[in-house]
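A quick write-up on the structure given underneath.
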Amino acid sequence: MDPFSALGLASNICQLLEFGGRLLSGSLELYRSVDGASSVNSELQSITDDLLGICTTLLQPESRIDEQHATKSELDLIPLAESCKALGEEFLLLLTSLRVKARYQKIGSVGQALKSEWKKKEVHRYQKRLKNYRSQVAVHLMEILASQHVAIALDSLSASHRRLEITSVNEPARLRKDIVRTLQEAIKDGGEKIEAALEKMTERLAVLVSDVNVLAKELKVVESLLFTRISERQRRIAEAHPRTYDWLFEGVNVEGPGSPGVSVVDWLREGSGTYWLGGQKQLVAAGHFFWYAGTDMQKSQQGLLQTLLYNVLRQNPALSNESGLPWTRHELLDAFSRLGSQSVNSARFCFFVDGLDEYEGDYTEVIDTLNKLASNDDIKVCFSSRPWNVFEKRYGENFGKKLELQNLTQGDITRFVKEALFDDSRFQELKAKDIRYDELVTEIANKARDTILELQERLRILPTDLEEYFRRMLDSVEGLYHKQAARLYLMRLDDPGILSTLTVSYFDEENPSFALEAPMTPWSIDEIRERCTRTRIRVMARCTDLLELSTVSGDGELADSRVDSLHRTVHDFLQTRNIHSLLTERAGKAFDINLYLCNATLSQMKRLELRYKSHDKRFNSLMDSFMCHLSQMQTKGNCEIATLVNELDRTICAFRKTYPPEYNARTYTPVNVTARYPENWLITEIMKRHLYSYLSKSPDKLRILIKKRCPDGLPPLDVALQCHYGEEADPRIVSLLLNQGASPNGPVGTVGQRTVWQSYLEGMQIKILTEEERRARVAIIEALLLHGADPSVGDSDVYFRSVISHSAIPEEVAHLEGIRLEKLYQSTTLYQIRKWFPWRVSYKSFDP
């Protein structure tokens, strides 16, 4: 039993004991109305229904208890719950008899009626039983709440919220400490103190369980929107000068100085009717950066909507709604419609979209989507793009709500040039001797502006003369360096993330598995700086001016630089078919870009000094890159995956010895790398990444994972059936787990205590499937049924029919329904009778 389920069970027990106490004390009053006895009977029916509801839910988790992972205190709740349920059923019988009598005689209160039904000794006996149960549940509950089991589970939930920067309160942790303190004092004093304490905290315990449920739901929805490198483009943007765009908030008209229109600030405050800065509603701002050189999600409409919704729900998770996974464009648009309707009482939204011209697809479609969002009175949209005809046509006459940056940024450029020159001591000496200083600043600023405008004109089409110029630059490098230069260009093209100087510093390695030979000796800060300096010189020598290195800010001691294309036109040039073929040929047939990047990231991880916070942060970033490239290697059929994963596993194990896991003493949250990568994390992540080629050769690791569960407490089969990184479950991995002993009838471990089978069916998204997705779903459902999934548990039959009717063709529906009926038949007592007396029962005549 997971700790949250134990809390839910304890909460149900407390509710039953509170109900029983009120019943015996006579505090449940019945009032006679004009209807006479019929009204009293109706009230008795209501009280009976309340008690029946408590008794019914009391032992729901009992049949799904996972004794392997439950603590003693959690296990002890089961027999206590059984005893309390028996007591509740006795109360139900008494209430039923009262309902019968209420039809014929007056009843003042439940308490008075019970006294007429029971002897004084019987009332005392019930009171004694209640007192005994209260003492037991108080002790068990205090042990459960005070245990690290619950503390870690709550902190893990909170840590996940913090990791995704989801706005949430610390109420569950506070409630837990409050309840523990109350129980400790009551148990110490004993007697009536325990009864009083339980009366106080029954409601608080129910609130705690409810809050945990809500947090888990919010986390699930926000995580479902997350995709790899969702914030990569934003992180790549260099830090701006602190006074850049000051004019934006100084009342400048959006059409430019001296022209008609309202200022940007006025538009934000009052544009399109009522709005948020002056109102009582919460402001929720979100943004998206389109990026032509990024992943599909970074330049698609799906990525736009998913990023905006992800950032909205992080700030206001209360707006989240359950949805199928993965998200479709239609579902995302529906979610924004719901946000608009909910916002009447909660929030208003402002969305900022950068680089609309870098969207990949039909521009009219994305424009229509933005217009649809902005049509809601509580949603505003501000976007930027190059001045293309498609945007000019739709927004060129959008008077008062259009801003042309090239007419307004001259002051920013001039300020930047001045301050850059002020920092140069040599220029200061020259300035003191030459009065033409101001003229020089103006000239530099004007040329910079003209260059920006010129580059904006070189947009989608790569001019012939520019292509010839780039080709000359590409060939100007000595032939000796063509191989290394080609590899550097391919790295920049293939990796849509931040390509750091340290990552490319291995570009001259000839051993394709060089990470295996990398030592575990940490780099010193001086060694890192020296390596970066040397690499910058070597990269620029091989790539002339087609690549540039710019500083990555915010890394502290690990101040590194990143490798970028000089301009978008360079990126487009390198991607042309002829040039890309040339680069591939020069790099060598044996060069696998993903294999190289996996080795480069792993080599760096092995050299980090994890005592430094910046190195700790770098490790997480490198781990994400490593996993992404590992997935690409499987797609291309590379056989080096197992070697790399095993080396990473060895590295993490070595780090655990050098840097033991550390947790915050107060909140018990991870504070270092090894605490964030606990035992079984790697095999779980491999499963989420669908790396079947590795898992199929690691049955022992899968069996251990099934036995110990995933680090978050969930059974691996449940994790494998979920959607991760935008991809649906892999039937091959599901079959691997089932063959190694995973049970589809095991508990998921959430508060609702559903089985893995139930959770899969209930969480299934009903959508239009590709043929590959349809076949995968059918294969998964078939595998689960054949490995013992209970088709009769809960409402699984309803969900089953709904899922297969939308996920399978008629032949597959009939096949799956046949398997389900066979399993139902085998689970009945008729199956046993048929085994003993096969001539008495006909299988064909049996209809479940």
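Quick note: the coordinates plus some simple rules give every number you see, no bench work behind them. Since we're looking at a predicted model, the values are computed, not measured. Glycine also receives a Cβ, built like all others from the backbone with ideal geometry; neighbour counts cover every protein chain displayed.
A few remarks follow.
- Note on region 621-698 and region 568-610: Cα centroid distance 23 Å, given to the nearest whole angstrom.
- Karplus-derived 3J(HN,Hα) values for region 807-820, using 6.51 cos²θ - 1.76 cosθ + 1.60 with θ = phi - 60°, are 10, 9, 7, x, 5, 6, 4, 4, 5, 5, 5, x, 5, 4 Hz; glycine and proline are entered as x.
- Pairs of Cα atoms nearer than 8 Å and 6+ residues apart set the relative contact order; for region 709-827 it is 24 percent.
- FRET efficiency estimate (nearest 0.05) - Cβ-Cβ, residue 478 to residue 643, R0 41 angstrom: 0.75
- Dividing the convex hull volume of the alpha-carbon atoms in region 473-678 by its residue count gives 129 Å³ per residue.
- For region 473-678, the relative contact order is 23 percent, taking Cα pairs closer than 8 Å that sit 6 or more residues apart in sequence and dividing their mean separation by the residue count.
- A straight chain from residue 352 to residue 521 at 0.36 nm per residue would run longer than the Cα-Cα distance by 56.4 nm.
- Where labels lie 7 Å past Cα in the beta-carbon direction, separation of residue 774 and residue 671 in nm: 5.6
- Note on residue 611/residue 214: beta-carbon distance plugged into 1/(1 + (r/R0)^6) with R0 of 56 Å gives a FRET efficiency of 0.90.
- Note, ³J(HN,Hα) from phi for region 482-489, Karplus 6.51, -1.76, 1.60, rounded to Hz, x at Gly and Pro: 4, 5, 5, 4, 4, 5, 5, 5
- Residue exposure sequence - 697, 372, 483 - by fewest surrounding Cβ within 10 Å: 697, 372, 483
- Extension gain, residue 184-residue 375: 0.36 nm per intervening residue step, less the Cα-Cα distance, totals 63.1 nm.
- Pairs exceeding 19 Å between alpha-carbon atoms, taken from 177/200; 85/128; 483/589; 85/131; 299/688; 72/131: 299/688; 72/131.
- Estimated from the Cβ-Cβ distance and a Förster radius of 51 angstrom, the FRET efficiency linking residue 700 and residue 177 is about 0.80.
- Ranking 663, 578, 485 by how far each Cα lies toward the positive end of the dipole of region 473-678 (charges on Cβ) leaves 663 at the top.
- Interchain or long-range residues, amide H under 5 Å from residue 287's placed H: 352
- Ranked list, fewest to most other Cβ atoms within 10 Å of each Cβ, for 804, 525, 706: 525, 706, 804
- Evaluated at q = 0.26 Å⁻¹, a Debye calculation over the C-alpha positions of region 642-701 (equal weights, vacuum) places log10 I(q)/I(0) at -1.06.
- Cβ-placed point charges (K, R +1; D, E -1), dipole of region 473-678 about Cα centre in debye, nearest 20: 400
- For 140, 787, order by how many other beta-carbon atoms lie within 10 Å, fewest first: 787, 140
- Farthest positive-ward along region 567-697 dipole, Cα basis, beta-carbon charges - from 619, 634, 684: 619
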